Amino acid sequence: MGAILGLAFGVGTLLIALAFTAKPKPRAARVSRITRLVHDAALPRVTASGVYSAMVALSLIAGSLALIITAVPIVALLSAVCGTCVPIAILKRRASARIKALRMSWPDAVDTLASAVRAGMSLPEALADLAKRGPADLRLAFQLFASNYRATGSFANSLNELQVHLADPVADRVIAALRIAQEVGGTDLGNVLRTLSALLRQDAATRGDIEARQSWTISAARMSIAAPWITLALLCTRPDAVAAFSTSLGGLVLAGAAVISFFAYRLMIRIGKLPTEARVIGAIT
């Protein structure tokens, strides 16, 4: 019994000592939402601080113009809030357009890759050749791949860098297939690439058709939200309307309407939004 207690005491002492002497593991730096949006929008010259500055500037401009035109403080405050959201909306729109462009570019890129492999090129050479012969939206990414491959000579690390740079679910699928093809090898690489190209083209066409069909829902949501506020702007040209909305009760009504409009718009957008394809991030080692 004494030996067991001594062993338990020794193990406990050792664990306590390790807890105080062990070096903490470095935590991965958190990426802010603005930085992620800038990256997704492919704007290398734009920084998060620049976006914040634009948000503040547009907020002041929108609020000042609304106060000059309507002379209603609550309308000026709501306009300032809307002005703050404009840079975020622009970044989201550009990021969405970039994702669509990449989705439509990948089938052509895989076709070009299959042709290069069939012509006798190795897989790394064929990928580097896409920097010149690939789709325009993907050439910069493959230029970075070619530079990394020439510098390191490691195909796996270069694929990882390409996957991190693109940060796209379709790119994850393609890169995972290329990684498996490089590791397994075989003579059916051309057939695998052509099959992958057909699947990507079918997926892009299906998703594009669904997005086109649901675009009227998004347009209706935006029009239904904008119509009451356009009416409010017209009403504010009348002195009696300005006097009514300048009171505390009028401001409360406008604030409540703004909150309801925001949540109704977000709900409609969420209902009509297509599910986001999951990324294959396990391939990054």
(message) Which one, Ser248, Gln143, Val110, projects farthest toward the positive side of the charge dipole computed for segment 48-283 from Cβ point charges (K/R +1, D/E -1)?
(response) Ser248
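Please arrange Tyr149, Tyr265 by how many other C-beta atoms lie within 10 Å of their C-beta, fewest to most.
Working: Tyr149 21, Tyr265 16.
So the residues, fewest neighbours to most, are Tyr265, Tyr149.
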(request) Would you be so kind as to identify which of Ser215, Ser79, Ser122 lies farthest towards the positive end of the dipole of segment 48-283, taking Lys and Arg as +1 and Asp and Glu as -1 on Cβ and the Cα centre as origin? (result) Ser79
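Please work out the FRET efficiency for the pair Ala227 and Val164, using the Cβ-Cβ distance as r and a Förster radius of 51 Å; give the result to the nearest 0.05. Don't skip to the end; give the middle numbers.
Values: r = 43 Å, r/R0 = 0.85.
The pair Ala227/Val164 has a calculated efficiency of 0.70.
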(request) Mind ranking 230-242, 59-71 by how tightly packed they are, going by the mean number of other C-beta atoms within 10 angstrom, highest first? (result) 59-71, 230-242
(request) Determine which aspartates and glutamates satisfy two conditions relative to Lys132: a Cα distance under 12 Å, and not lying fewer than 8 residues away in the same chain. (result) none
(message) Give me the three principal axis extents of segment 55-94 from the C-alpha atoms, as integers in angstrom, largest value leading.
(response) 34, 14, 12
(request) With a Förster radius of 22 Å, plug the Cβ-Cβ distance of Asn157 and Ser122 into 1/(1 + (r/R0)^6) and report the FRET value to the nearest 0.05. (result) 0.85
(message) If I model a spin label as a point 7 Å beyond the Cα along the Cα-Cβ vector, how far apart are those points for Val242 and Phe263 in nm?
(response) 3.3 nm
(request) Taking 7 Å along the Cα-to-C-beta vector as the label spot, tell me the Cys85-Arg36 distance in nanometres, rounded to one decimal. (result) 2.0 nm
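For segment 48-283, what does the convex hull of the Cα positions come to per residue, in cubic angstrom? Before the final figure, lay out each step's value.
Values: hull volume 34.3 nm³, N = 236.
Cα convex hull per residue, to the nearest whole number: 145 Å³.
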(request) Report the charge-dipole magnitude of segment 48-283 in Debye, nearest 20, computed about the Cα centre from +1 at each Lys and Arg Cβ and -1 at each Asp and Glu Cβ. (result) 300 debye
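Bear in mind these aren't lab numbers, they're just calculated from the coordinates by the rules spelled out. These numbers come from a predicted model, not from an experiment. Neighbour counts run over all protein chains shown; Cβ positions are idealised from the backbone, glycine included.
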